[in-house]
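Down below is the structure, laid out as structure tokens.
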Amino acid sequence: MEPAARGDTGGGTSEAGARKRRPGRDHAACPGKLRREQLRPKLLLFRTPASEPRPGPQHCPGDGFSLTSKKRQRKETGSMSLFNTVRNTIVPVHKEGYPFVAAFFVASLILGWIFKPLFWIGMIFTLWCAYFFRDPERVTPQDDDLVISPADGKVSAIQMVTPPAELNLGSEPMLRISVFMNVFNCHVNRAPMRGRVVSINYRSGSFVNAELDKASEDNERNGLVIETRHGQIGVVQIAGLVARRILCWANPNEPVDAGERFGLIRFGSRLDVFLPAGAAPRVSLGQVAIAGETVIAEFASAKGPIISRRS
């Protein structure tokens, strides 16, 4: 019997023949992938056993990286989701509050240098100051028949009264809806209706508790008259017991949109809205209003005042 030819794959026992008998791997189907033999040993944990069916129509030697990639992707997605949640929870501080927050923080450092526990007390007030000057986004209904709350706080008065003389709205009683802001409410003020600013009138006065009814006449205040589709309305910023500064960014003859920011009152105050005939209240005494979102009155409606139940 003649010996098998060199390199014969039929029955030769040479090493070259054995190598040639081993099934080859087609790496052309997965360009750029490393051979499995070149991977580090720990990556072999991701090899699918030969006895188990391989998922998908085609499996490349480099697919062991897919599980790691998915884990990394889930981890990154979770981190971004947490970051977005924190970012959406933290409300930005209005620029008018930056000097006050900085002053509270510096005072905390000085107090902490004198007596360490005072630092933490000062930091509590610093955080409160940042919270006081928060300026969140609001979703405002765009309807010329609706009157939107100009301030965050509690509805403290709904009555027919004569508007302040400086507003030049006449001597006939008008519907007045008052919103009282305590020191924990957001103090950024927003326009209650769309229109044009006719006039702005400032009047000095005292600083009694803004929740009292006489605050509308005695306290320092700043009044805006806005020409709207339903006539002229009055919006009055009233200083409170600890408020010492009324800010107004609006200017006469400028247009304003419902929910647009027009001012701010520092540290406790009240806003009065004076509405002409045809407006019906849509809030009740003691109700909590949200500036730029809560509908406090409505024009051109056949419905009368709403009836509320306290529970």
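Rounded if a/c is under 1.5, else prolate if a/b is larger than b/c, else oblate: which is the range 246-299, with a ≥ b ≥ c the root eigenvalues of its Cα gyration tensor?
Working: a/c = 2.04, a/b = 1.26, b/c = 1.62.
Oblate, since a/c reaches 1.5 and b/c is not below a/b.
Once a ≥ b ≥ c are taken as the square roots of the eigenvalues of the Cα gyration tensor of the range 156-237, is the result rounded (a/c under 1.5), prolate (a/b larger than b/c) or oblate (a/b not larger than b/c)?
It is prolate, given that a/c is not under 1.5 and a/b is the larger ratio.
Heavy atoms only, probe 1.4 angstrom, no DNA, RNA or ligands counted: give me Tyr131, Tyr202 ranked by accessible area, highest first. Intermediate results must be reported in sequence, preceding the final value.
Working: Tyr131 110, Tyr202 135 Å².
The ordering from most to least exposed comes out as Tyr202, Tyr131.
With every protein chain left in place, what is the accessible area per residue of the range 157-206 in square angstrom, probe 1.4 Å?
Per-residue value: 44 Å².
Return the loop-located trypsin sites (Lys or Arg not before Pro) in the range 226-305 (DSSP other than H, G, I, E, B) with at most 14 other Cβ atoms within 10 Å of their own Cβ; answer none if there are none.
Numbers: sites: Arg229, Arg244, Arg245, Arg261, Arg266, Arg270, Arg282, Lys303; in loops: Arg229, Arg244, Arg245, Arg266, Arg282, Lys303.
Passing sites in the range 226-305 are Arg229, Arg244, Arg245, Lys303.
Near the amide H of Met181, under 5 Å away, which other amide H atoms are found, from residues 5 or more places off or on another chain, if H is placed in the peptide plane?
Result for Met181 returns Ser269, Arg270, Leu271.
Tally Lys/Arg at +1 and Asp/Glu at -1 over every other residue whose Cβ is under 9 Å from the Cβ of Leu247; what's the total?
Here the count lands on +1.
Could you look at the range 108-162 and say what percent of its accessible area is carbon and sulfur, using a 1.4 Å probe and all protein chains?
Values: 2240 of 3180 Å².
Carbon plus sulfur share of accessible area: 70 percent.
The values are calculated or read from the model by the stated rules, or taken from the named source; none is laboratory data. Source: prediction; values computed, not measured. All Cβ positions, glycine included, derive from the backbone under ideal geometry; neighbour counts span all protein chains shown. Accessible surface areas use protein heavy atoms only, side chains included; no ligands, DNA or RNA. Shrake-Rupley method; radii C 1.70, N 1.55, O 1.52, S 1.80 Å.
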